[in-house]
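Beneath this line is the structure, given in structure tokens, with notes to follow.
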Amino acid sequence: MPRHFDPTLVNDPFDDPGLYVDLVFERRALLFDLGDLGRLAPRKLLRVSDIFVTHRHMDHFAGFDQLLRLLLGREKTLHVYGPAGLIDAVEHKLKAYSWNLVEGYQGNLVFRATEIDKAGGLASAQFSGRTRFERSEAESRQSDEGLLLREPGLQVRAVAIDHGVVVLAFALEERAHINVWRNKVEAMGLSIGPWLRAFKEATLRGEPENTLIDVAWRDRQFEKPAALPLGLLKKEIMKITSGRKIAYVVDCSFTHANIEKVVQLAKGADILFIEATFLEADAILARTRHHLTARQAGTLARFAGVERLVTLHYSPRYKGQGHCLAEEAQSAFLNG
Ligand SMILES: [Zn+2]
């Protein structure tokens with residue numbers, strides 16, 4: 001898997017679902033779902049910058065308190081994303097405690113909660129420790145086709161699926177990655193330096209080829225232009241590698257509408273993390289509980305043409321038979 005994403009399941013597949021994605025070069029991490037976080041080392045939790053909550057069943061949201069307790073008193077802004085109702089839920093969680101001492105804490109902990117409705121509308125609110133986590137600064141806007149997070153290097157998209165309640169499924173994508181050939185930079189007489197960052201950003205923004213990029217030369221003895229055209233630099237010193245992709249799908253009924261949305265979301269992913277809650281032998285139970293069977297999970301992975309399938313969120317009724325769920329899913333994925 002990607003050098004830039006290092007995704008690991010938070011728990012054993014029989015315990016609360018959750019995916020921790022270390023962004024190796026950024027000293028931060030993303031977290032999908034907020035179930036039991038007890039197995040994540042505090043130093044790992046402290047790296048989390050953005051959390052994506054699928055829905056508010058307890059096994060996906062009860063870890064909010066663990067995180068709150070660990071982060072309290074630290075200077076940090078944490079972004080939490082989820083389906084409609086998330087902002088109220090965060091507010092209620094925070095209102096459950098007395099905050100008369102919070103002004104004395106050294107660092108200010110801030111939660112920024114963003115929820116997405118079925119029509120792709122986004123609403124945000126902020127809760128700052130400085131003001132005893134009073135709700136403030138509400139804002140709303142339309143999402144760009146379900147995009148929750150968009151940064152120069154990566155983006156996270158959500159689709160709403162049905163599980164009796166609305167559940168979000170997520171795809172994390174690394175945007176096209178730019179490699180700069182050091183030796184070619186040097187061969188041109190240029191030096192390695194901060195200007196390369198501006199060059200990469202201009203490329204990612206898709207600026208026109210004739211855009212002038214300020215460069216730094218290794219040797220200033222001769223008259224040399226202070227800037228070179230983007231197109232020339234692109235041709236000479238860089239190679240674009242297509243971005244990697246991870247999808248995370250839990251608590252999903254096997255309905256036509258869900259199948260279509262999940263396949264579209266996970267299309268071509270390097271890894272699909274997906275629930276395989278029941279065995280196909282218990283398909284009726286799976287349907288009444290709005291979950292997938294392992295075979296259905298494998299089928300979705302095959303339809304989406306993913307590279308690798310990782311199953312999670314096993315029903316405790318199969319304790320000791322986890323391999324049966326995994327094998328059923330892999331077999332449907334590979335053989336149909
Ligand atoms: Zn669940």
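Overview of values
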{"read-out": "C-alpha long axis of helix 195-204 to longest principal axis of the chain, angle in °", "value": "50"}
{"read-out": "Proportion of all alpha-carbon pairs of the range 186-303 beyond 26 Å (%)", "value": "50"}
{"read-out": "Accessible heavy-atom area order of K95, K184, K245, K234, highest first, probe of 1.4 Å", "value": "K95, K184, K234, K245"}
{"read-out": "Pairs of Cα atoms farther than 29 Å apart, the chain, %", "value": "47"}
{"read-out": "Which of H256, H163, H79 is most accessible, then next, and so on - probe 1.4 Å", "value": "H256, H79, H163"}
{"read-out": "Surface share of carbon and sulfur [accessible, 1.4 angstrom probe, percent] for the range 1-68", "value": "50"}
{"read-out": "Most fluctuating residue given options G104, G38, G305, as computed from a GNM of the chain linking Cα atoms under 10 Å", "value": "G104"}
{"read-out": "Exposure of H92 as accessible area (Å², to 10), given a probe of 1.4 Å and all protein chains", "value": "120"}
{"read-out": "Degrees separating the helix 86-95 axis from the principal Cα axis of the chain, which is the longest one", "value": "80"}
{"read-out": "Candidates per chymotrypsin sites (Phe, Trp or Tyr not before Pro) in the range 152-221, loop by DSSP, up to 16 other Cβ within 10 Å", "value": "W181"}
{"read-out": "Carbon/sulfur fraction of accessible area - the range 84-162, other protein chains in place, 1.4 Å, %", "value": "47"}
{"read-out": "Rg/Rh for the range 137-235, where both radii come from Cα atoms and Rh is the Kirkwood radius", "value": "1.20"}
{"read-out": "Radius ratio Rg over Rh of the range 16-113, counting only Cα atoms, Kirkwood formula for Rh", "value": "0.94"}
{"read-out": "Computed Rg/Rh of the range 243-305, alpha carbon atoms with Kirkwood Rh", "value": "0.97"}
{"read-out": "Solvent-accessible surface (1.4 angstrom probe) belonging to V306, in square angstrom, nearest 10", "value": "10"}
{"read-out": "Residue-normalised accessible area of the range 223-336, expressed per residue, 1.4 Å probe, Å²", "value": "47"}
{"read-out": "Charge dipole magnitude, Cβ of K and R +1, D and E -1 - the chain, Cα centre, debye nearest 20", "value": "740"}
{"read-out": "Percentage relative contact order, the chain, counting C-alpha pairs under 8 Å, at least six apart", "value": "12"}
{"read-out": "Solvent-accessible area of R150 with every protein chain in place, 1.4 Å probe, in Å² to the nearest 10", "value": "130"}
{"read-out": "The range 186-238 - percent of accessible surface contributed by carbon and sulfur, probe 1.4 Å", "value": "52"}
{"read-out": "Selected from L68, G146, L109, residue furthest toward positive end of dipole (the chain; charges at beta carbon)", "value": "L109"}
{"read-out": "Whole-number accessible area per residue in Å² for the range 134-193, which is evaluated in the context of all protein chains at 1.4 Å", "value": "50"}
{"read-out": "The range 196-230: trypsin sites (Lys or Arg not before Pro) falling in loop per DSSP and having at most 15 other Cβ within 10 Å", "value": "R205, R218, R220"}
{"read-out": "Unit charges on C-beta of K, R, D, E only; dipole of the range 201-299, Debye", "value": "120"}
{"read-out": "Computed lengthening from D65 to Y97, 0.36 nm per intervening residue step minus Cα-Cα distance", "value": "10.5 nm"}
{"read-out": "Longest segment of the chain lacking GluC sites (Glu not before Pro) that sit in a DSSP loop with at most 14 other Cβ atoms within 10 Å", "value": "224-306"}
{"read-out": "Whole-Å semi-axes of the ellipsoid equivalent to the range 44-165 (Cα gyration tensor, √5λ, descending)", "value": "25, 16, 14"}
{"read-out": "Under 18 Å from K76, Cα to Cα: aspartates and glutamates that are on another chain or at least 8 residues apart", "value": "D22, E26, D50, D65, E91, E103, E134, E137"}
{"read-out": "Full-extension gain in nm, T211 to T8, via 0.36 nm per residue minus C-alpha separation", "value": "69.0 nm"}
{"read-out": "The range 254-331: trypsin sites (Lys or Arg not before Pro) falling in loop per DSSP and having at most 16 other Cβ within 10 Å", "value": "K267, R289, K319"}
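The values are calculated or read from the model by the stated rules, or taken from the named source; none is laboratory data. None of these values were measured; they are calculated from a predicted model. All Cβ positions, even for glycine, are placed from backbone atoms using ideal geometry, and neighbour counts span all protein chains on display. Accessible surface is based on the protein model in full, side chains and every heavy atom, while ligands, DNA and RNA are left aside. Shrake-Rupley method; radii C 1.70, N 1.55, O 1.52, S 1.80 Å.
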